[in-house]
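A short worksheet on the structure shown next.
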Amino acid sequence: MLKQLSTHIIQHLLAQNEWAAPMLQPFASKSVQLNFVLLKTSLIILENGSLALAGETNVPDASITIPPSLLLRLMAKDETAKLQIKVDGDTHLATALAKVLSHVRWDYEDDLSKLTGDVSAHKIGEFSRNTASTVKDTAINLAEMLSEYWQEEKPLLAKKRHVEQFNTEVDTLRADVERMEKRLNKLANKLSTTPDPNNPVS
Amino acid sequence: MTTEHNTHFGFKTVAESEKAKKVADVFHSVASKYDLMNDVMSAGMHRGWKRFAVSVSGVDRGDKVLDIAGGSGDLSKLFAQKVGAEGQVILTDINASMLGVGRDRMLDAGLNVPALQCDAERLPFPDNYFDCVIVAFGLRNMTHKDRALAEMQRVLKVGGRLLVLEFSKVWQPLSKAYDVYSFKLLPLMGKLLAKDAESYQYLAESIRMHPDQETLKQMMIDAGLSKVDYYNLSAGVVALHKGYKT
């Protein structure tokens, strides 16, 4: 039941994103295993460029592993986090699939319009987008407010310029220590090559 | 002198030459109420299984599809919508009564799907012709499954897919309950709804005699198909096998 439902949802999303099928079609009959936190599943590319869950005995041609530590960075759209996603096997195939999966968008207004009609669906979509935007702005404001409170009023967090100043001081100290170490070495060498005035034979 | 080989007909052993006739009798008997019984027996799930088979077939507009043992034409109807006017779906069945039901339904639905009575062990089609061949709930009734699978492989194009949707080996913890359902409840429902307990007794027995998931997978590989994989549906009550001609 889960396989049938998942495959139906995936195929519905791909049907809404018509650009995806031509990208996947060259890899027809190949499969990719996705390892993402607790989710471990394999997707197979069909001959019409669509996707389905793979069967019980499928041997994947490639695998994509996303460590849990990358989750928040990926959600924050950190481009450098994408470089840390582990890809094994056929990298062309895995890259094509990852590209499709990361760009697929659910056109919920289109689905809703079949139930409520175009105008209502658009209004509901507009309301949802505005609400989501307001929630996002509120969350950012709240985070900034807490950050400011913990930096200025009750300093639990370090300010950026303080951290930078501290880093500069650490760099200067490290350079000074290195310089001093070189001087000490030089001095030790000089002492070892100078003859001892109390023992001119040695 | 020739020796006659035996095969199974449900739990009975019969001569190979007799099996086709006995299977034909069963389906002549149930044809008119076949879909009603399928709905009752599977609680409507057979429609979901068939839709899933179509969704993993990868069939696209313009493709050629062969529906073997297609009977009442459920799958042909779904595939005809997928391939569109530029594609081709052919409905076949060895049983004239079942095929008649399917042919009439296609006509009533305004679909251009030719219906052809033929034996799956001797398909009247050229080599490398179809993009997809499907047999749903039909393979277990065939006398020589290996010959039938080889024929299906022959008519597929290179890159074409063979899909076999068939009852299979249920998940072990459910097997006891499934046995009670199959051998007690199923013939009773057949008696009440189709006035034919014996035919439904045969259906239950033939399901048990059919190869399990792994055996059928190996049979498909032996028939020349590759990348064979299967899906267990409804805890293995049904399995969908898919293989490619390469």
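The values are calculated or read from the model by the stated rules, or taken from the named source; none is laboratory data. Model, not experiment: these values are computed from the prediction. We place every Cβ from the backbone using ideal geometry, glycine too, and count neighbours over all the protein chains shown.
For (1) among the acidic types (Asp, Glu); (2) in contact with a helix residue (DSSP H, G or I) (Cβ under 7 Å, 6 or more places away or on another chain); (3) at pLDDT below 90, each residue gets a yes or a no:
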| site | (1), (2), (3) |
| --- | --- |
| B:VAL113 | no, yes, no |
| B:ALA150 | no, no, no |
| B:GLY159 | no, no, no |
| B:GLN172 | no, no, yes |
| B:TYR178 | no, no, yes |
* To do: Scan the range B:225-239 for residues that are of a type outside the set (A, V, I, L, M, F, W, C) and either at the interface with chain A (Cβ under 8 Å from one of its Cβ atoms) or more than 17 Å from B:GLN153 (Cβ to Cβ) (or both) and jot them down.
  => B:LYS227, B:ASP229, B:TYR230, B:TYR231, B:ASN232, B:SER234, B:GLY236
* **Residue count, the range A:93-110 (criterion: in a helix (DSSP H, G or I), in contact (Cβ under 8 Å) with a residue 24 or more places away in the chain and not small (Gly, Ala, Ser))** => 6
* Taking the condition closer than 28 Å to B:LEU36 by Cβ and either within 13 Å of the chain's Cα centre (by Cα) or acidic (Asp, Glu) (or both), does B:ARG140 pass? -> yes
* Which residues, counting only those in the range A:157-182, are charged (D, E, K, R) and either assigned to a helix (DSSP H, G or I) or touching a residue at least 24 places away in the same chain (Cβ under 8 Å) (or both)? -> A:LYS160, A:ARG161, A:GLU164, A:GLU169, A:ASP171, A:ARG174, A:ASP176, A:GLU178, A:ARG179, A:GLU181, A:LYS182
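Matching residues to (1) of a type outside the set (Val, Ile, Thr); (2) in contact with a Leu (Cβ under 8 Å, 6 or more places away or on another chain); (3) surrounded by fewer than 22 Cβ atoms within 10 Å (Cβ to Cβ); (4) free of Cβ contacts under 8 Å to residues at least 12 places away in the same chain:
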| residue | (1), (2), (3), (4) |
| --- | --- |
| B:LEU192 | yes, no, yes, yes |
| B:TYR200 | yes, yes, no, no |
| B:ALA204 | yes, yes, no, no |
| B:MET209 | yes, no, yes, no |
| B:ASP212 | yes, no, yes, no |
| B:TYR230 | yes, yes, no, no |
| B:LEU240 | yes, yes, no, no |
| B:GLY243 | yes, yes, no, no |
* Asked: Before we move on, is B:MET152 of a type in the set (A, V, I, L, M, F, W, C) and surrounded by fewer than 22 Cβ atoms within 10 Å (Cβ to Cβ)?
  -> no
* Structure fact -> Counting only helices (runs of 4 or more DSSP H) entirely within the range A:1-89, those with at least 3 residues that are modelled with pLDDT under 85 are A:2-16, A:71-75, A:79-82
* Go through (1) touching a helix residue (DSSP H, G or I) at 6+ places or on another chain (Cβ under 9 Å); (2) within 14 Å of chain B (Cβ to nearest Cβ) one by one and return the number of the condition A:ALA28 breaks. => (1)
* Asked: What residue, among those in the range B:51-79 that are part of a helix (DSSP H, G or I), within 13 Å of another protein chain (Cβ to nearest Cβ) and hydrophobic (A, V, I, L, M, F, W, C), is nearest to the chain's Cα centre (by Cα)?
  -> B:ALA53
* To do: Evaluate the following for B:LYS82: is it away from chain A (no Cβ under 14 Å), out of contact with any Phe, Trp or Tyr (no Cβ under 7 Å at 6 or more places or on another chain), modelled with pLDDT of 90 or more and more than 21 Å from B:ASP127 (Cα to Cα)?
  => no
* How many residues does the range B:150-206 hold that are of a type in the set (A, V, I, L, M, F, W, C) and touching a Ser or Thr at 6+ places or on another chain (Cβ under 7 Å)? -> 3
* Is it the case that B:LYS242 is within 12 Å of chain A (Cβ to nearest Cβ), in a strand (DSSP E or B) and on the phi > 0 side of the Ramachandran plot? -> no
* Asked: In the range A:43-62, is there at least one residue being out of contact with any Phe, Trp or Tyr (no Cβ under 6 Å at 6 or more places or on another chain) and away from every other protein chain (no Cβ under 14 Å)?
  -> yes
* Output the residue which, of all residues in the range B:73-102 that are touching a helix residue (DSSP H, G or I) at 6+ places or on another chain (Cβ under 9 Å), small (Gly, Ala, Ser) and farther than 25 Å from A:LEU5 by Cα, is surrounded by the fewest Cβ atoms within 10 Å (Cβ to Cβ). => B:ALA96
* Structure fact -> Note on B:GLY236: of the conditions (1) touching a Ser or Thr at 6+ places or on another chain (Cβ under 7 Å); (2) closer than 24 Å to B:ASP131 by Cα, unmet is (2)
* Structure fact -> Here, strands (runs of 3 or more DSSP E) confined to the range B:106-224 with at least 1 residues that are within 14 Å of another protein chain (Cβ to nearest Cβ) are B:130-136, B:156-167
* To do: Looking only at the range A:29-40, count how many residues are closer than 30 Å to B:LYS157 by Cβ and out of contact with any Ser or Thr (no Cβ under 8 Å at 6 or more places or on another chain).
  => 2
